[in-house]
1. As a check on your grasp of the helix formula, calculate [θ] at 222 nm for the chain: sum -39500 (n - 2.57) over DSSP H runs of n ≥ 4, divide by the residue count, round to the nearest 500.
2. Compute the whole-percent fraction of alpha carbon pairs in region 160-239 spaced more than 19 Å apart.
3. Test of understanding: ordering E249, E15 by Cβ neighbours within 10 Å, fewest first, what list do you get?
4. Among Q100, Q180, Q243, whose mean-square fluctuation peaks in a Gaussian network model of the chain (Cα, cutoff 10 Å)?
5. Apply the Karplus parameterisation 6.51 cos²θ - 1.76 cosθ + 1.60, with θ equal to phi minus 60°, to every residue of region 198-210 and state each ³J(HN,Hα) to the nearest whole Hz, in sequence, with x for glycine and proline.
6. For region 187-193, take each phi angle, set θ = phi - 60°, evaluate the Karplus expression 6.51 cos²θ - 1.76 cosθ + 1.60, and give the result in whole Hz per residue in order, putting x for glycine and proline.
7. Find the relative contact order for region 158-264 and round it to a whole percent, using C-alpha pairs within less than 8 Å whose residues are 6+ positions apart.
8. Report, in listed order, any pair from K88/K251; K88/K242; K236/K259; K88/K241; K220/K242; K120/K228 with a Cα-Cα distance greater than 25 Å.
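Every number in this text was worked out from the coordinates using simple rules, so none of it is lab data. Since the model is a prediction, treat every value here as computed from it, not as a measurement. Cβ sites come from the backbone with ideal geometry, for glycine too, and all protein chains shown count toward neighbours.
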Amino acid sequence: MIEKKVPLREIYVWELPVRIFHWVNATCIFFLIISGLLIAYPPAILQADGAQQLGYWFGYLRFTHYTLGVILIVNFLVRIYWMFAGNKFARWNNYVPLTQRQWRGIFDTVKVDIFLLSPKPIYDIGHNSLAATTYGGLFIMLVVQAITGLCLWSPTAEVIGAETFQSLAFSLGGLMVVKQIHYYLMWCFILFMIVHIYLVFYHDYIERSGIASSIIGGWKFIEEPVAKEYEEELAKQEIIKKQKEIIKELKKEPQKEEKATQSN
Ligand code: HEM
């Protein structure tokens with residue numbers, strides 16, 4: 001754990017679309033799990049005498065599950081757009097370990113989080129590489145869960161495209177196979193939630209960077225040297241951007257002159 005007196009700087013990390021995505025996603029997943037479990041294991045009262053008094057209860061439950069699924073998909077589509085439009089910490093390349101730096105980050109974080117081999121945390125401004133890679137995995141899980149969910153809905157859904165998902169279910173081995181995938185993935189989501197919430201608060205404790213509250217307000221408290229390194233990188237990127245704009249303008253000039261001489 002670090003000394004509380006190390007100078008820290010506030011940095012705006014999570015933009016509003018990322019925070020909205022996070023909480024809509026977390027809420028949907030939470031209630032999808034509850035409603036999914038109730039669909040998989042209907043309470044005994046449904047089969048008891050007088051169950052008909054419960055009316056259309058199970059229908060409403062399935063409707064809730066489908067509606068939450070649709071919200072989850074739309075929310076994820078917006079997040080995919082933001083992976084290309086958002087800031088450095090929201091971009092797609094955080095979630096795919098392609099660089100040596102990311103792999104070193106994963107290795108070092110495993111040493112801290114799992115094997116407890118190092119008492120010193122790894123300081124990242126955005127997601128640490130291990131967390132980001134697991135979010136990449138979660139995004140893939142979301143896609144598979146959404147597709148299998150749409151396949152399960154397709155026989156009763158009266159919407160455009162339902163036939164496509166019916167034939168997809170058929171080519172995947174039938175509705176029973178699809179149901180199994182959908183069911184076992186639900187347990188992977190439950191596991192993710194438990195580990196994720198534990199790790200967020202563990203990192204909040206060892207890093208003292210306000211990581212837990214950052215997903216509400218967007219700001220993190222970063223150690224001065226790490227913050228400086230980040231600002232230098234930002235300044236470099238700004239220079240490169242300006243240079244590119246100047247080159248673009250210079251390239252346009254001769255074309256403009258050519259057009260002017262042609263019109264004369
Ligand atoms: C159903 C429960 C949850 C799910 C499925 C979930 C999922 C996720 C995902 C996918 C991300 C990456 C966001 C992105 O980059 O767009 C994320 C980040 C984050 N989540 Fe959650 N989350 C859940 C609950 C929570 C809770 C209860 C907290 C408590 C404060 C929390 C705190 C955070 C923080 C601080 C980050 C960003 C820091 C990082 O780990 O890199 N999450 N979460």
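1. Details: 8 runs with 183 residues, N = 264.
About -24500 deg cm²/dmol.
2. Values: 2072 of 3160 pairs.
For region 160-239, the share of Cα pairs beyond 19 Å comes to 66 percent.
3. On the way: E249 9, E15 16.
The fewest-first ordering by Cβ neighbours comes to E249, E15.
4. So, out of Q100, Q180, Q243, the one fluctuating most is Q243.
5. Listing the rounded values in order: 4, 5, 4, 6, 5, 5, 4, 6, 7, 8, 6, 10, x Hz.
6. For region 187-193, the Karplus-derived couplings read 5, 5, 5, 5, 4, 4, 4 Hz, x marking Gly and Pro.
7. Numbers: 21 pairs, mean separation 9.2, N = 107.
Answer for region 158-264 is 9 percent.
8. Details: K88/K251 29 Å; K88/K242 18 Å; K236/K259 35 Å; K88/K241 14 Å; K220/K242 28 Å; K120/K228 20 Å.
Result: K88/K251; K236/K259; K220/K242 exceed 25 Å.
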